Amino acid sequence: MKNNFLNKSVLLIILPVLKSIIINRGSSSGIAKGMPVLDGNYLVGRIVETNYLSSRVLLLNDLNSRIPVTLNQGAQAILSGSGTKNPILEYLPEDYETIEDINVFASGKDGIFTSGTPIGITNTDGTVDLFIDPNQLSFVTVNLNVQNKDEVIEEIMLKREQKYEALCKSEVLTDNQTIQDNCNQILEIISVQ
């Protein structure tokens, strides 16, 4: 199986604040919800809905888009779609002063987007000029190497459960019945989730 698919953008949906495209590949090609979508090396959005033969891509400038980003000065932020051409940087450090021409990259902290994927450059008003104009997309690439968000959460929960099981079985805790009971309650809560 290939790691990436080149897809034709078959429909560009442009409403006042909703920006998405429909591509001609779906679950039959291994595409799943949450996978990143690129134009060349530049991030343009993520898969939000899949059908057997097509998928919908939520573009970075859509009002519902939120992704963690890193600025090349090291600051962390959330890139929020504004429904306009330029998404907005939110949750910057309090003392951060936005200046022009700072590179913005996907941080990878969400476990979905590859860390360091270029997105755009900053403006002095806290918006970002995207490297790719979302209104001019013809062909995009879906990165199939990335796990979807549900798989990442499931993996984290499994590791957490293993950690608590090891803690509850340790010799230090078996002498103290209260701690052992607490561990059993934690394990019951985790197994319900």
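The values are calculated or read from the model by the stated rules, or taken from the named source; none is laboratory data. Here the structure is a predicted model, which is why all the values come from computation and not from measurement. Positions of Cβ are backbone-derived with ideal geometry, glycine not excepted, and every protein chain shown enters the neighbour counts. With ligands, DNA and RNA removed, areas are computed over all heavy atoms of the protein, side chains included. Shrake-Rupley method; radii C 1.70, N 1.55, O 1.52, S 1.80 Å.
So the values come out like this:
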read-out: Check on residue 9, open to solvent by 40 Å² or more (accessible area, probe 1.4 Å), of a type in the set (S, T, N, Q), at pLDDT below 90 and more than 16 Å from the chain's Cα centre (by Cα); value: no
read-out: Residue that is farthest from the chain's Cα centre (by Cα) [pool: residues in the stretch 64-75 that are open to solvent by 70 Å² or more (accessible area, probe 1.4 Å) and at pLDDT 90 or above]; value: 64
read-out: Qualifying strands (runs of 3 or more DSSP E) (wholly inside the stretch 28-92; at least 3 residues being without any contact (Cβ under 8 Å) to a residue 60 or more places away in the chain); value: 42-50, 66-71, 76-80, 88-90
read-out: Evaluation of residue 53 against (1) open to solvent by 50 Å² or more (accessible area, probe 1.4 Å); (2) modelled with pLDDT under 90; (3) within 21 Å of residue 135 (Cα to Cα) (one fails), failing number; value: (3)
read-out: Restricting the stretch 111-152 to residues that are among the β-branched types (Val, Ile, Thr) and at pLDDT 95 or above, the residue that is surrounded by the fewest Cβ atoms within 10 Å (Cβ to Cβ); value: 121
read-out: Leading residue by the ranking (modelled with the lowest pLDDT) among those in the stretch 23-44 that are closer than 13 Å to residue 137 by Cα and open to solvent by less than 30 Å² (accessible area, probe 1.4 Å); value: 23
read-out: Of residues in the stretch 86-109 being surrounded by 14 or more Cβ atoms within 10 Å (Cβ to Cβ) and at pLDDT below 90, the one farthest from residue 142 (Cα to Cα); value: 96
